[in-house]
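What follows is one structure encoded as structure tokens, with my remarks underneath.
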Amino acid sequence: MKNLRFHYHMEISFSEPVHSHIYTLKCLPVTTGTQLIQECNYAVRPTDRIQESYDSFGNRMLYGTAEEEHTLFQVDVTGRAVTGICDADAPGEKTDISVYKYQTVLTKPQGRIGKLLADCRKQEGSMQLSLDEKARFYMQTVHERLEYGKGITTIHTTAEEALALGRGVCQDYAHVMLSLCREDRIPARYVVGMLMGEGESHAWVEIYDGMTWRGYDPTNDLVVNDSYIKISHGRDYSDCSINRGVFTGQAKQCQSILAEVSEE
Amino acid sequence: MKDFELTRQSETVNELLARYGVKFGIYKNHEFKEQLFPFDTIPRVIEKEEFAYLEKGLKQRVMALNCFIRDIYGEKKIIKDKVVPEEFVYISSGYLAACDGVVPPKGIYTHIAGIDLVQGKNKEWYVLEDNLRVPSGASYPMIAREICRRSSPDTFESNCIEDNRYYTKLLRWMMDYVNTGGHTVILTPGRYNAAYFEHSYFAEKTGAHLATGSELTVENDYLYFVDYSGKKEKVGAVYRRISDEYLDPMTFNEESVIGIPNIYDVYRKGHVALINAPGNGVADDKGIYYFVPKMISYYLGEDAILQNAPTYLPFYEEDRKYVLEHFDELVLKDVAEAGGYGVVFANKMTAQEKEDFLNLLKKEPRRFIAQEVIDFMDIDILEDGVRKPRKADLRAFVLMADEPMVWKSGLTRFSRNPDSFIVNSSQGGGFKDTWVLSR
């Protein structure tokens, strides 16, 4: 168990002024079975209006409009969390898991994922792996098959494509592992969150073990522990985009994220 | 039926329809083409008793479909009770995870249903398809009737025909019924849409604002219509004629420029009615169609009044066997396609096509349904002044407010090609008026 302080900063800079900027953000961590959000404050600048809601996956959303011209859009989220707790009756956690059993456009397997799963099964052989052991095995396999590299894949890269490239970022690691799990009939979901230290936001996988969701981080080959703060989950990346926006203006945009998590 | 004055007016009526802009547009090879929708003056006539039977069956069907959608996005009892296999729901392109747990105003998902029926040679009616997303076509028989009435008033005096003009009254009543407080808007993608004529026609007849996405805006969890002077008026109901995926770039397709950012969040909070409800396409999926009679008995405890065309799901081992054994007698439909696309008659395939198709079927059994070819009853059309028999279907319109209401008319579409069973307007078909007799 850890008492963590977090600060999440996202900014978009525009090459030319834009206006009538409408946004939807999914960047607020919520209390789950393993983390308790004790405090969570946010600031969005500029904005004329801001509303809160929850999406159908249970993620907390912010949305609103920045009417006036601006060249910089900033979001700051700060708060305190207790992680690594164990509470089976977490509030807000939906029990319906079926939606996480099926492949999506981004995780749909073709030949390569199928072959990887076949390889895994061969290695498993007659070993009777528990669900946790199996998930660790898939996590490790994905970790070994991919090499971390930025700028090679995009937000539209599918699991199959990432596996073919053999390289990618946390999102790609997560998609490949999701695809493997679902192909093996294990309900699995995509998770966005933050890690202890300083860096960008992170993505990993949760699988359902029949009782609860457990986190696995294929990028780092680590079982999720109290160094992780979860922000949102969904079927794949597209359910969890931190920011979606439309604006008026001819501008190039550049998004950057800095997440800082430290022990109190 | 004897020849009457009206059939002699074919040319005049079609000319007038063209002048009124009764057209539909299609995109072919990335080009937008507007086509006239040929009208045939010989009506389809349905006897009073026969229509009463259809009406009862249609109400029952739409009630069950509405229950199904509410269940799927709510408790999912029909899945838990193993009446409908889970995968058929979650893999369906019409299933939208964003709709889970969202209850629309008054619990209505199927505000306007267009149920496609055919009558077999045995006089039996069969439901071919349930169109629940954005079913179009009711305006065509309305305007055609209007013009026919003018060209040949005697015809309508001497026959006892149910007046069809009340469709827009039903529409208005339904829209007011679900309205959460504010104006009623018909949302159109604009004049380059296949059914733009219909959007403007309904706006005129119901008194709703015709608006494009850019005229609507979300502020503080409510939807507003921005008029020419910049004044904002609250909107309580949107009859949207754009598909789910383009409705809101913040929840659905991010690339959409015809939608309204965050309209879905307003809807989620119950501050606007969307007609039809997003996500209702889960019930008009061709794969789900197979289960509609089961839904009727599951939710209503009744036997289905209207029959489905005999349908097989290759997904089930037993059905797959049947499909392989009787392949040449069947029509195969790709569940992901609409508008008459993705429909193939096995007996018209070449040997190579057949082999390719069977391989695909084995690989993706969930993707197809197979149906017996129904020998439709022919209906006469006039071609160069001569009566010729052609295949035709009937799209019946059911509106849902506090209870389902069936419009005593409908859109009869026919194939102009004597060898074809496909009547879709996008495939070059024409249409007829549908007379429901009042005595």
Can you report the number of residues in the range A:171-191 which are out of contact with any Lys or Arg (no Cβ under 7 Å at 6 or more places or on another chain) and surrounded by 22 or more Cβ atoms within 10 Å (Cβ to Cβ)? 11
Residues that are closer than 23 Å to B:W407 by Cβ: find the helices (runs of 4 or more DSSP H) completely inside the range B:36-96 holding 2 or more of those. B:48-72
Being of a type outside the set (K, R) and touching a Gly at 6+ places or on another chain (Cβ under 9 Å): is that true of B:G287 here? no
Considering only the range B:324-422, give the strands (runs of 3 or more DSSP E) lying wholly within it that have at least 2 residues that are in contact with a helix residue (DSSP H, G or I) (Cβ under 7 Å, 6 or more places away or on another chain). B:330-334, B:368-372, B:386-400, B:404-406, B:411-414
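Results for (1) of a type outside the set (F, W, Y); (2) surrounded by fewer than 16 Cβ atoms within 10 Å (Cβ to Cβ); (3) at pLDDT below 95, shown as yes or no for each residue.
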site	(1), (2), (3)
A:I207	yes, no, no
A:G210	yes, yes, yes
A:G215	yes, no, no
A:V224	yes, no, no
A:S227	yes, no, no
A:I231	yes, no, no
A:G234	yes, no, no
A:E260	yes, yes, no
Scan B:V386, B:V406, B:V373, B:V323 and give me the residue that is within 30 Å of B:T110 (Cα to Cα) and without any contact (Cβ under 8 Å) to a residue 60 or more places away in the chain. B:V373
Residues (closer than 19 Å to B:L300 by Cα and either surrounded by 19 or more Cβ atoms within 10 Å (Cβ to Cβ) or small (G, A, S) (or both)) located in the range B:72-108: B:I72, B:Y73, B:G74, B:I78, B:I79, B:V84, B:G107, B:I108
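One line per residue, one yes/no per condition, for (1) in contact with a strand residue (DSSP E or B) (Cβ under 9 Å, 6 or more places away or on another chain); (2) β-branched (V, I, T); (3) farther than 24 Å from A:E124 by Cα; (4) free of Cβ contacts under 8 Å to residues at least 60 places away in the same chain:
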| position | (1), (2), (3), (4) |
| --- | --- |
| A:A159 | no, no, no, yes |
| A:L163 | no, no, no, yes |
| A:R167 | yes, no, yes, yes |
| A:V176 | yes, yes, no, no |
| A:Y190 | yes, no, yes, yes |
| A:E198 | yes, no, yes, no |
| A:I207 | yes, yes, no, no |
Within the range B:146-168, is there a residue that is outside any loop (DSSP other than H, G, I, E, B) and under 18 Å from the mean Cα position of the chain (by Cα)? yes
So A:Y190 passes all but one of these: (1) touching a helix residue (DSSP H, G or I) at 6+ places or on another chain (Cβ under 7 Å); (2) away from chain B (no Cβ under 14 Å); (3) in a strand (DSSP E or B). Which condition number does it fail? (2)
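To keep it simple, each residue is scored yes or no on (1) modelled with pLDDT of 95 or more; (2) away from every other protein chain (no Cβ under 14 Å); (3) touching a helix residue (DSSP H, G or I) at 6+ places or on another chain (Cβ under 6 Å).
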| position | (1), (2), (3) |
| --- | --- |
| B:K33 | no, yes, no |
| B:P38 | no, yes, no |
| B:F68 | yes, yes, yes |
| B:K82 | yes, no, no |
| B:P104 | yes, no, no |
| B:T110 | yes, yes, yes |
Among strands (runs of 3 or more DSSP E) entirely within the range A:1-104, at least 3 residues that are touching a strand residue (DSSP E or B) at 6+ places or on another chain (Cβ under 9 Å) and within 14 Å of another protein chain (Cβ to nearest Cβ) occur in A:2-28, A:49-54, A:60-66
Please specify each residue of the range B:248-286 satisfying the condition of being away from every other protein chain (no Cβ under 11 Å), of a type in the set (A, V, I, L, M) and either surrounded by fewer than 24 Cβ atoms within 10 Å (Cβ to Cβ) or out of contact with any Asp or Glu (no Cβ under 9 Å at 6 or more places or on another chain) (or both). B:I258, B:V272, B:A273, B:L274, B:I275, B:A277, B:V282
Hey, B:E245 within 11 Å of another protein chain (Cβ to nearest Cβ) and without any contact (Cβ under 8 Å) to a residue 12 or more places away in the chain or not: no
Take the conditions closer than 21 Å to B:W435 by Cα and aliphatic (A, V, I, L, M) and apply them to B:V134. Does it pass? no
When B:S139 is run through (1) under 13 Å from the mean Cα position of the chain (by Cα); (2) farther than 26 Å from B:V423 by Cα, the failure sits at (2)
The range B:176-218 - residue that is within 14 Å of chain A (Cβ to nearest Cβ) and hydroxyl-bearing (S, T, Y) and, of those, surrounded by the fewest Cβ atoms within 10 Å (Cβ to Cβ): B:S214
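Just to be sure before I move on: is A:I257 under 11 Å from the mean Cα position of the chain (by Cα), more than 14 Å from chain B (Cβ to nearest Cβ) and not basic (K, R) in the structure I sent?
No; evaluated as a whole, the condition is false for this residue.
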For the range B:220-242, name all the residues that are surrounded by fewer than 18 Cβ atoms within 10 Å (Cβ to Cβ), within 14 Å of chain A (Cβ to nearest Cβ) and of a type outside the set (V, I, T). B:N220, B:G230, B:K232
Could you please find all residues in the range B:321-354 being more than 14 Å from B:S420 (Cα to Cα), modelled with pLDDT under 85 and in contact with a strand residue (DSSP E or B) (Cβ under 8 Å, 6 or more places away or on another chain)? B:V335, B:E337, B:G342
Among the residues in the range A:222-232, are any under 30 Å from A:H70 (Cβ atoms), under 9 Å from the mean Cα position of the chain (by Cα) and more than 12 Å from chain B (Cβ to nearest Cβ)? yes
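Yes/no per residue for (1) farther than 27 Å from A:T24 by Cβ; (2) in contact with a Ser or Thr (Cβ under 8 Å, 6 or more places away or on another chain); (3) not hydrophobic (A, V, I, L, M, F, W, C):
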position	(1), (2), (3)
B:G190	no, yes, yes
B:Y196	yes, yes, yes
B:S200	yes, yes, yes
B:G213	no, no, yes
B:N220	no, no, yes
B:L223	no, yes, no
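Got at least one residue in the range B:306-319 being assigned to a helix (DSSP H, G or I), away from chain A (no Cβ under 14 Å), surrounded by fewer than 16 Cβ atoms within 10 Å (Cβ to Cβ) and without any contact (Cβ under 8 Å) to a residue 24 or more places away in the chain? Please lay out each step first, then the result.
Keep residues of the range B:306-319 that are assigned to a helix (DSSP H, G or I), which gives B:317-319.
From what is left, the residues that are away from chain A (no Cβ under 14 Å) are B:317-319.
Then drop every residue that is not surrounded by fewer than 16 Cβ atoms within 10 Å (Cβ to Cβ), which leaves B:317-318.
Of the ones still in play, those that are also without any contact (Cβ under 8 Å) to a residue 24 or more places away in the chain are B:317-318.
Among the residues of the range B:306-319, at least one is assigned to a helix (DSSP H, G or I), away from chain A (no Cβ under 14 Å), surrounded by fewer than 16 Cβ atoms within 10 Å (Cβ to Cβ) and without any contact (Cβ under 8 Å) to a residue 24 or more places away in the chain, which makes the answer yes.
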Could you tell me which of the residues B:K354, B:K363 is within 14 Å of chain A (Cβ to nearest Cβ), more than 30 Å from B:N220 (Cβ to Cβ) and without any contact (Cβ under 8 Å) to a residue 40 or more places away in the chain? B:K363
Hey, A:E183 in contact with a helix residue (DSSP H, G or I) (Cβ under 6 Å, 6 or more places away or on another chain) and in the same structural domain as A:G111 (by TED's automatic domain parsing) or not: yes
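The values are calculated or read from the model by the stated rules, or taken from the named source; none is laboratory data. All figures in this text were calculated on a predicted structure; none of them were measured in a lab. Every residue, glycine as well, gets a Cβ built from its backbone with ideal geometry; the counts of neighbours run over all protein chains shown.
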